[in-house]
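In what follows, a single structure is set out as structure tokens and then discussed.
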Amino acid sequence: MNLDVPYGITRRIAGADLQTARTRITNALKEQGFGVLTEIDVAATLEQKIGAKIDPYVILGACNPKLAHRAIGSEPGIGLLLPCNVVLAQDGADTLVSAASPKAMFAIVPNPPPELAAVAEEAEKKLRAAVAAA
């Protein structure tokens with residue numbers, strides 16, 4: 001499986017099952033001021049809704065309230081791109097952890113206010129630190 005994409009911040013946690021990786025990334029996100037607001041078990045949903053079986057795959061919706069407040073204050077429509085998604089995907093004996101890059105996500109905003117670029121930069125830095133620490 002390949003989650004190493006230009007719009008993501010990805011690492012492989014060798015020998016970790018999805019639940020172990022989830023605990024690790026949740027703790028690392030917390031250290032960076034993020035909480036997990038939502039969790040979507042994509043594998044379970046696909047199996048239940050359409051009978052498709054895939055390896056464990058979960059999307060966490062992570063939010064740093066201070067950064068979200070700043071982003072919405074500078075560009076109210078930015079809520080369409082929040083929260084920050086973090087994917088956990090089982091790949092054999094390993095788990096891939098990948099966070100959406102705020103800089104890549106916010107790049108779709110035409111003529112962004114300067115504060116939005118600053119928020120994206122700070123969020124990117126914090127998410128990179130969390131993924132690296134997981």
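Points worth noting:
- Residue order for Val5, Val97, fewest other beta carbons within 10 angstrom first, comes to Val5, Val97.
- Extension gain for the segment Ala93 to Asp55, taken as residue separation times 0.36 nm less the Cα-Cα distance, is 12.6 nm to one decimal.
- Cβ-to-Cβ counts within 10 Å put Thr20, Thr95 in ascending order as Thr20, Thr95, the fewest first.
- All aspartates and glutamates inside 19 Å of Lys125 as judged from Cα atoms, apart from same-chain residues fewer than 8 positions distant: Asp4, Glu31, Glu115
- Sequence of Cys84, Cys63 once ranked by neighbouring C-beta atoms within 10 Å, starting from the fewest: Cys63, Cys84
- Centroid-to-centroid separation of the range 1-35 and the range 58-124 [C-alpha atoms, Å]: 14 Å
- Label selected from (i) 2, 12, 24, 27, 22, 11, 2, 0; (ii) 2, 9, 16, 20, 20, 16, 11, 5, 2, 0, 0; (iii) 2, 11, 20, 22, 18, 13, 8, 4, 1, 0, the criterion being P(r) over Cα pairs in 5 Å bins from 0, in percent as computed here: (iii)
- Summing Cβ point charges (Lys, Arg +1; Asp, Glu -1) relative to the Cα centre of the chain gives a dipole of roughly 200 debye.
- Above-threshold pairs, the threshold being 24 Å between Cα atoms, out of Lys30/Lys53; Lys66/Lys126; Lys66/Lys103; Lys53/Lys126; Lys30/Lys66: Lys30/Lys53; Lys53/Lys126
- Here the gap between Thr20 and Val5, fully extended at 0.36 nm per residue and compared with their Cα-Cα distance, gives a gain of 3.1 nm.
Read-outs: derived from the displayed coordinates by stated rules, not from any lab. A quick note: this is a predicted structure, and the numbers were derived from the prediction, not measured. Ideal geometry is used to build each Cβ from the backbone, glycine not excepted, and the neighbour counts take in all protein chains shown.
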